[in-house]
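First comes the structure, then the notes that go with it.
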Amino acid sequence: MYHPATRPYKGVFPVVPTIFDNAGALDLPGQLRCVDFMIDAGSTGLCILANFSEQFVLSDAERETLTHAILAHVAGRVPVIVTTTHYSTQICIERSRQAQALGAAMVMVMPPYHGATFRVSEAQIESFYARLSDAINIPIMIQDAPVAGTPLSVPLLARMAQNLEQVKYFKLEMPGAASKMRELIRVGGAAIEGPWDGEEAITLLADLDAGATGAMTGGGFPDGIRLIFDAFHAGNREEAVTQYGRWLPLINYENRQGGILTAKALMKAGGVIKSDAPRHPFPEMLPEVRAGLLDAAKRLDPLVLRWGR
């Protein structure tokens, strides 16, 4: 069992969904209930303003509102990672400095990209992270995911970990993530403070076998993910395999069917929040998908279905 406030950060750090009311406005009371549930459900830490938080539909002012409100409400109970991704180096630095000032434990940052075609060279990527590292005093997690459309080679990631003071954590989300993680650990050595699993835990077991020390998943059932993660890191791989098999149908449903709205649908069903609505034009969850999700969840009795009842 890991103490959440100490580095290196290890454990289950699910993404906090952004809670809107049915009209699409921020629901701050619902947001804070969501956070309380996620802590009660065993989250080692939290991550806010990620893609799975629907960060792409938020204004800059709303980002600031949420960062202030959530960090103040968590009040140090668990470490919080703030996603500060932006194409602009300076804006990313400003967001990251603000997160640090408000008490963030870490920032998570994708490489600079915009739309389907705006990318920068490997040298510019390295310069981007170097300037960010020089500007803050908390660790940086590089999110290596296909959505950025930017290949990040193992030599580049390892070099940045070895040469940039704050670049120490890596969330790997791509086909063959476990193989890339093994190679990153081999090449980067002790500079890789945190090789982490992502993508809603669909590759969690393989990533744990590869050396993952953290998992950033959806926010609906951290209690279930903890059963897998904790067993593995306690040296009981057989129990981890058993628990992974139990929870895999729900993990798969989130990853392949419910997607971003999964955690909010579960939270609404369990009385944690009043509305699971996305913000237009993001499509609402289809009734058939919701029914399948709840069927998979009820077979496991996660805390989310009982917390608000």
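For the stretch 164-173, the condition of being assigned to a helix (DSSP H, G or I), touching a Leu at 6+ places or on another chain (Cβ under 7 Å) and either touching a residue at least 24 places away in the same chain (Cβ under 8 Å) or over 30 Å from THR262 (Cα atoms) (or both) holds for none of the residues. Here is the figure for the stretch 15-65: residues that are of a type in the set (Ser, Thr, Tyr), closer than 14 Å to THR83 by Cβ and buried (at least 23 other Cβ atoms within 10 Å of the Cβ) total 1.
When the residues of the stretch 137-163 are filtered to those that are among the small types (Gly, Ala, Ser) and either modelled with pLDDT of 95 or more or in a loop (DSSP other than H, G, I, E, B) (or both), which remaining residue is nearest to ASN51 (Cα to Cα)? Ranking the qualifying residues of the stretch 137-163, first place goes to ALA145. Condition check: touching a Phe, Trp or Tyr at 6+ places or on another chain (Cβ under 9 Å) and of a type in the set (A, V, I, L, M, F, W, C). Does VAL167 satisfy that? For VAL167, the condition - touching a Phe, Trp or Tyr at 6+ places or on another chain (Cβ under 9 Å) and of a type in the set (A, V, I, L, M, F, W, C) - is met.
Is the stretch 199-206 home to any residue that is farther than 17 Å from VAL15 by Cα and either at pLDDT 95 or above or not in a helix (DSSP H, G or I) (or both)? For the stretch 199-206, residues farther than 17 Å from VAL15 by Cα and either at pLDDT 95 or above or not in a helix (DSSP H, G or I) (or both): present. In the stretch 230-309, counting only helices (runs of 4 or more DSSP H) that sit wholly within it, the ones holding 3 or more residues that are of a type in the set (D, E, K, R) span 237-253, 287-298. If the condition is being basic (Lys, Arg) and buried (at least 18 other Cβ atoms within 10 Å of the Cβ), then the stretch 66-96 contributes only ARG95. When SER96, SER179 are screened for being in contact (Cβ under 8 Å) with a residue 24 or more places away in the chain and in contact with a helix residue (DSSP H, G or I) (Cβ under 7 Å, 6 or more places away or on another chain), only SER96 passes.
Just one of the listed residues (LEU261, LEU208) is touching a His at 6+ places or on another chain (Cβ under 9 Å) and either free of Cβ contacts under 8 Å to residues at least 60 places away in the same chain or of a type outside the set (Ser, Thr, Tyr) (or both), namely LEU208. Cβ-Cβ distances below 7 Å connect the following pairs, each with a first residue in the stretch 275-288 that is within 19 Å of PRO29 (Cβ to Cβ), a second residue that is in a helix (DSSP H, G or I) and among the aliphatic types (A, V, I, L, M), and a separation of six or more residues or different chains: ASP276/LEU261; ASP276/ALA265; ASP276/MET267; PRO278/LEU261; ARG279/VAL57. Of all residues in the stretch 95-116, those that are in contact with a Cys (Cβ under 9 Å, 6 or more places away or on another chain) and in a strand (DSSP E or B) total 4.
Candidates in the stretch 117-136 are the residues that are assigned to a helix (DSSP H, G or I) and hydroxyl-bearing (Ser, Thr, Tyr); of these, the one that is surrounded by the most Cβ atoms within 10 Å (Cβ to Cβ) is TYR129.
The set of residues in the stretch 64-94 being out of contact with any strand residue (DSSP E or B) (no Cβ under 8 Å at 6 or more places or on another chain) and assigned to a helix (DSSP H, G or I) consists of GLU64, HIS68, ALA69, ALA72, HIS73, THR89, GLN90, ILE91, ILE93, GLU94. Picking from residues in the stretch 286-301 that are surrounded by fewer than 20 Cβ atoms within 10 Å (Cβ to Cβ) and in contact with a Gly (Cβ under 9 Å, 6 or more places away or on another chain), the one that is nearest to ILE228 (Cα to Cα) is LEU300.
The values are calculated or read from the model by the stated rules, or taken from the named source; none is laboratory data. Owing to the predicted nature of the structure, the values given are computational and were not obtained by experimental measurement. Please note: Cβ atoms are built from the backbone with ideal geometry, for glycine as well, and neighbour counts cover all protein chains shown.
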